[in-house]
1. Take the stretch 137-163 and flag every residue that is closer than 20 Å to Pro355 by Cβ and either modelled with pLDDT under 95 or surrounded by fewer than 21 Cβ atoms within 10 Å (Cβ to Cβ) (or both).
2. Just for the stretch 300-313: of the residues that are hydrophobic (A, V, I, L, M, F, W, C) and farther than 16 Å from Gln246 by Cα, which one is surrounded by the most Cβ atoms within 10 Å (Cβ to Cβ)?
3. Out of the stretch 34-58, which residues are in contact with a Ser or Thr (Cβ under 7 Å, 6 or more places away or on another chain) and of a type outside the set (A, V, I, L, M, F, W, C)?
4. Which of the following residues is of a type outside the set (Ser, Thr, Tyr), closer than 27 Å to Arg38 by Cα, out of contact with any helix residue (DSSP H, G or I) (no Cβ under 9 Å at 6 or more places or on another chain) and surrounded by 19 or more Cβ atoms within 10 Å (Cβ to Cβ): Ala278, Ala255, Ala290, Ala297?
5. Being over 24 Å from Pro176 (Cβ atoms) and in contact with a Gly (Cβ under 7 Å, 6 or more places away or on another chain) is the requirement here; does Leu97 meet it?
6. From the list Arg221, Arg192, pick out the single residue that is surrounded by 20 or more Cβ atoms within 10 Å (Cβ to Cβ), touching a residue at least 12 places away in the same chain (Cβ under 8 Å) and in a loop (DSSP other than H, G, I, E, B).
7. Counting only residues that are within 21 Å of Arg220 (Cβ to Cβ) and touching a Lys or Arg at 6+ places or on another chain (Cβ under 6 Å), how many does the stretch 146-172 have?
Amino acid sequence: MHTMHLDSRVQMLLRQGVSMTAPAQVFVGEDVRLERVRPGSTLYPGARIEGAGTWISAGAAVGTEGSVLARNCVLGKGAKLASGSFEDCVLLEGASLGPSGHGRAGTLLEEGASTAHAVGTKQTILLAYATLGSNINCCDALLAGGSGLGDHSEIGSGFIHFNFTPFGLTGDKATPSLFGDVPRGVLMRSPRIFLGGAGGVVGPLSVGFGTVLAAGSVWRRGRGDGILALAERLPERDLGFAPERQGRVGEKLLANLIYIGNLHALKAYYSAVRVPLARGDLDREAVLDAAMKLLDASVLERLKQVGRWVAGLNSSGEGARLAADWPRLQSALLQPVLPPVPAALRVTAPGDAIPFARALPAELASAVTAWLQAIVDVARAEGA
């Protein structure tokens, strides 16, 4: 291959073992740290990588189905970006973002999680093997459930998570939704969730494990575990609209506290389990470091959005009380005092996170779930 006319940075990547089928059609930004594009990774024609935070592990691929802008994206082994625009996304091993995708800050996909074509994500977390169909807008949400590749939670095509409300001074996005949860979801032992396509959810709400929301409805009420919900409709009526009037303040606050608690729980699990398992593997260490930083940033984003919502509440009654308490609550949620890791949860040798979780004895698995739930409860109790 003649390289004399290639960009010098592209040539350097070729020399260090990065695969390119058409190197003249690859762009590498000046701010990319070349040592973070690992030997054995692949940049396809139309790949444009930018950002000092970029990390592309061995076996990962950018541009498998067309042109890609990948800015400060961190890809684990075997992870793939098909085509589209992606920024500040973290993909663990074997995860993939599909063609014509739009991935924004706070997008975290665990092992084997995936999206099909034309999916938009932001502040979105998919636990292992969770799947989003096509033509989906799923921002400010977490999806868990299932036991593996053939048994995973899924959101059907044409689904929207409505994450904006027009109430308040300027509207707000204090609207994160939980589909499953971290304490029961990380160990890959909970029934899968299915959210039917051509519909949506108005956040914030929660949907339990093993629950199915049938296609074609917009859902405004949460559902517990093991429910088949067939339809949800509003009565036809016209009401006066006053954006300053907001109800169910306590309910909305609680949903945000629980969501933030789940973010803290996921980071705690990464720190106690995933990081020790990755020790000595440069790619895994880098990806998990990025994932934990993403979770920290996700907590800050949620606090910012709750703060905007609180600022727009009525200056009397429940709204006034919450506004007065918000500085204390914000500080407590930013750095909560977490319960200790179960003594029996010891990682003594490197390994793969999913087999490790599946192999935990039932008694220890229950203790881990209880520990993670106690972390969620710490955040929840701050609003009491």
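The values are calculated or read from the model by the stated rules, or taken from the named source; none is laboratory data. These figures come from a predicted structure and were not determined experimentally. Using ideal geometry, Cβ is built from the backbone for each residue, glycine included, and neighbour counts are taken over all protein chains shown.
1. Scanning the stretch 137-163 gives Ser147, Gly148, Leu149, Gly150, Asp151.
2. Leu303
3. Arg36, Arg38, Ser41, Thr42, Tyr44, Pro45, Gly46, Ser57, listed by residue number.
4. When all the criteria are applied, what remains is Ala290.
5. no
6. Matching residue, one of Arg221, Arg192: Arg192.
7. Count: 4.
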